[in-house]
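Bear in mind that the values in this text are calculations on the coordinates, not laboratory data. What you see is a predicted model; the values in this text were computed from it and never measured. Don't worry about glycine lacking a Cβ; one is built from the backbone with ideal geometry, like all the others, and counts go over all protein chains shown.
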Amino acid sequence: MTAAQALEMLMVWTPFLAEGFLWNILVSIAAMAIGTPIGIVLARLRLAGSRTGAWLTHAARLPPTFVLIFYFAYILPREISLAGVEIHFAAWLKAALALAVAVIGFVSDNALSSLRHLRRGERIEALYFLPAWTTYFVIIVMASSTASVIGVPEIVYRANTVIAATGEAGATLWVYSYAMLWFLLFCWPLSCLMSRIRDRLEGRGNEADAKASHHGAPHHGASQHGAPQHGASQS
Amino acid sequence: MLKRIIIVSVALVLPLLLILPARAVDPAVIGERSELVVGVKADYRPFGFRDKEGELAGLEVDIAAELARMLGVTLRLVAVTSSDRLQKLAAGDVDILIATLGDTMDRRRLVRMIEPGYYGGGASVLLPGDSSIRVWDDLKGRELCGVQGALWNRLAATRLLAEIRAFGSVRDAELALRDKNCAGWIYDEAAIRDRLADADWADYRMLAPEFISPWAIAVARDGPLASFLDETVAMWLRTGWLSRLEEKWQLQPSTYLQQAELRWRQKDETGAWRCQLDDNARWPLECRDLDLIPAQELAGIGTAIVGLRDRFGVDLTPFYDPFSRSAFLKAMVTTLLLAIAAVIGSLAVGIAGGAMLRSHAWLLRFPAQMLTTFFRMTPPLLQLYLVFFGIGGLLAARGMTLDAIWVAIIVLSLYAGASNAIAIAEAAAAIPVDAPQRPRRIATLAFPAVMGSCINIVKATAMASAIAVGELVHASTSIIADYGNVGVMMNILLACYVALVIAVVFAFSLFEKKVLER
């Protein structure tokens, strides 16, 4: 397959793949929307000295998202009725729930440090939460690609469909690279913007421990084990 | 000639006679639903596949459409795969499965198989033309690609002593065969025949089919729908409708269908069908395919385990079965090795990358910046696919092969290594060059972030299952595809990973206490 042929093929499939990327965004937004309020509640509980809050946060950090996606896909029923309301568990919702578990752990830790700053009247430091939260959204967008393994029609799943449909061995590399480009173009600028905003905030704040709050944005809730909490909880 | 004309006219008229009354189906069959949800394959030409418009089509789709028409409901098709089809049926995602599902004793314990089967076939092995494998016995000790959830994997491993590497989808197994990751691809004979009819596979050949078994429609449980389907398929065999479908889709006439049609067309002295449902809505013994691939033999403690399953629904039978048990134990070892190798690899990449990022030489710094951005800003799952299938495909064209487990180790090391490199470079920037004990101070400063990304990479090893590395997720989903013991396997899987993550957290904390804080 020549480069010109490949580009033509990618052009043809772009709307199909773009729709898939919208699914990635949708699943990620749902995960953040489910995980964030629960995480904030846990952070408040922890601020009040609750052991349950700490324990639940710890539990949320442990399971790998990839395993949880399978777990929810297999274990959760197709629909349940809660107090007369029917909830339909489509595959994308199961994926969002699995991702939300990681979000809970992340938000609980970061909101806790924010709440502590607020309590000390350090408004600007408390705002560090926002860029960190957005950066985590970017991480979740990348992690949402794993929803493909349970059949959510997001971009990786669709990339596999395209490869199967074109049936050309040479197409594989092109299609995967193109799908990667979508992630790169979405995630990179957003993540750069967030680190700039954080630097701005740091410039305004006067706490030295702020320096530690940036690290290499690990995947899947690992950042709870990372720097910000160490800095905040020790101070 | 006259005989022919009679047969043709009977074949034309019979369906009309038989289909017309069948339209008046008891509404109890599918309740008050106005929709029939049928699971079909999307990757199995010509049975279930996506046509040029992306719509599901094929022999099984035709069967589904006919059923919906007879029931007077609208049809909704759901694409299923070999590894998730039984699960989707059990979960109620589909009402009916028409998905090239072979009928076996083991599967009869999980779902209600419709008798008779609507089609049938055996296993074959697709081989490169120059392969040294000539007969089935040559497979002993050879590595074969397979598709998760296919009947043949277990048979080939236990009876033929082949090593099976089961992939999650047909496409992946095909690509792996092309990339010469295995000596051959064991799968249904019909699918392999279809490949060989295609110019893409001109250099390949197949083994003569073995392990012939019927393919059955499946429903979750016994009931009016199951009985309706039993009778409908029997009627189709009598009218020859299935043979005509076979012809429509240009399949070779299958031995199974020819024999089944003969059997179901037999009549007794009074002119009634020999195969009639008895009072318990069962077919007489002589009409049933009881020569199925047998269930595993259970004895001694095995019966206790079966009792546990039947009484409490806790199905541990896979752990009694030596094949599944050793697969699971092997998977635990693989996961551990993968985790250890990826942690060490990511630390090495992190230190080297950190040094490059801090380098004054543009030629070192710039590529390091590009690579760390690339690996941090794209999903690791795509990275695995890109390297294994994309680059692996290119290499295969030049006669080289990539080993899935090495691909996983390298990709995961680079992925986590990119985060480590940035953490180490930032820490190095914060410690003056002439500070005493500089490496230790850099390590201490970068430690929390590095620990975070290492824990993360241990979790991400689960993704290696996507390229058929036989780790825990892969082993668990394979066992579920065979046994359907979803709850037990998923909880065991989750528990294994949580234990692994706790162990890694503990090891890192210990390292911090003993080494860094001294």
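In this structure the amide hydrogen of B:GLY184, modeled in the peptide plane, comes within under 5 Å of the amide hydrogens of B:CYS145, none closer than 5 places in sequence on its chain. Considered as an equivalent ellipsoid built on the Cα gyration tensor, the protein assembly as shown has semi-axes of 53, 28, 24 Å, the largest given first. For B:VAL498, neighbours were defined as the other residues whose beta-carbon sits under 11 Å from its Cβ, and their charges (Lys and Arg +1, Asp and Glu -1) total +2. Taking every alpha-carbon pair in segment B:121-212 and binning the separations at 5 Å intervals from zero gives 3, 16, 29, 30, 18, 4, 0 percent.
Quick check: Cα centre of segment B:131-192 to Cα centre of segment B:450-518, how many Å? Between the Cα centres of segment B:131-192 and segment B:450-518 lies a distance of 28 Å. With coordinates expressed along the principal axes, the C-alpha atoms belonging to segment A:1-120 extend over 62, 41, 24 Å, beginning with the largest.
Computed from phi, the 3J(HN,Hα) profile of segment B:389-400 under the Karplus parametrisation 6.51, -1.76, 1.60 (θ = phi - 60°) reads 8, x, 5, x, x, 5, 5, 4, 5, 9, x, 10 Hz, with x in place of Gly and Pro. Rg/Rh for segment B:202-249 stands at 1.14; both radii use Cα atoms, and Rh follows the Kirkwood definition.
The Cα-based radius of gyration and maximum Cα-Cα distance (Dmax) for segment B:383-498 are 19.3, 63 Å.
Determine the alpha carbon to alpha carbon distance for each of A:LYS94/B:LYS459; B:LYS459/B:LYS514; B:LYS41/B:LYS248; B:LYS88/B:LYS180; B:LYS459/B:LYS513 and list only those over 27 Å. Distance filter (> 27 Å) returns B:LYS88/B:LYS180.
Counted by neighbouring Cβ atoms within 10 Å, the residues B:GLU189, B:GLU261 run from fewest to most as B:GLU261, B:GLU189. The calculated FRET efficiency for B:ALA199 paired with A:GLU8, based on their beta-carbon distance and R0 = 25 Å, is about 0.65. Positive contributions from Lys and Arg (+1) and negative ones from Asp and Glu (-1), summed over other residues with Cβ under 10 Å from the Cβ of B:PRO209, come out at -2. Per q in 0.07, 0.10, 0.11, 0.13 Å⁻¹, report the Debye log10 I(q)/I(0) for chain B, using one uniform scatterer on each alpha carbon and no solvent. At q = 0.07, 0.10, 0.11, 0.13 Å⁻¹ the computed log10 ratios are -0.50, -0.88, -1.01, -1.27. For segment B:318-516, the alpha-carbon coordinates run over 62, 47, 23 Å along the three principal axes, in decreasing order.
Each of B:LEU277, A:LEU112 has some number of other Cβ atoms within 10 Å of its Cβ, and from fewest to most they run B:LEU277, A:LEU112. Dividing the convex hull volume of the alpha carbon atoms of segment B:55-204 by its residue count gives 126 Å³ per residue. Taking 7 Å steps out from each Cα toward its Cβ at B:GLN266 and A:ILE124 produces label points 9.2 nm apart.
From least to most packed, judged by other beta carbons within 10 angstrom and beginning with the fewest, B:TYR320, A:TYR74 follow the order B:TYR320, A:TYR74.
Here the spin labels are modelled as points 7 Å beyond Cα on the Cα-Cβ line, and at B:LEU329 and A:LEU76 they lie 3.6 nm apart. Here the alpha carbons of segment A:3-234 define both size measures, Rg and Dmax, at 19.8, 62 Å.
Rounded to 0.05, the FRET efficiency of the B:GLN252 and B:SER132 pair, given R0 = 25 Å and the Cβ-Cβ distance, is 0.40. For chain A, adding -39500 (n - 2.57) for each run of n ≥ 4 DSSP H residues and dividing by the number of residues yields -24500 deg cm²/dmol at 222 nm. Here segment B:161-293 yields Rg over Rh of 1.06, to two decimals, using C-alpha coordinates and the Kirkwood radius. Counted as membrane-span-like here are DSSP H helices of chain B whose alpha-carbon atoms extend 24 Å or more along the helix's own axis and whose Kyte-Doolittle mean is 0.0 or above; these are B:2-22, B:322-358, B:404-430, B:438-460, B:486-511.
A P(r) calculated from all alpha carbon pairs of segment A:90-146, with 5 Å bins opening at zero, reads 4, 19, 24, 18, 14, 10, 6, 3, 1 percent. Summed over qualifying helices (DSSP H, 4 residues or more, each -39500 (n - 2.57)) and divided by its residue number, chain B shows a 222 nm mean residue ellipticity of -16500 deg cm²/dmol.
Rounded to the nearest 0.05, the FRET efficiency derived from the C-beta distance between B:ASP51 and B:ILE502 at R0 = 60 Å is 0.75.
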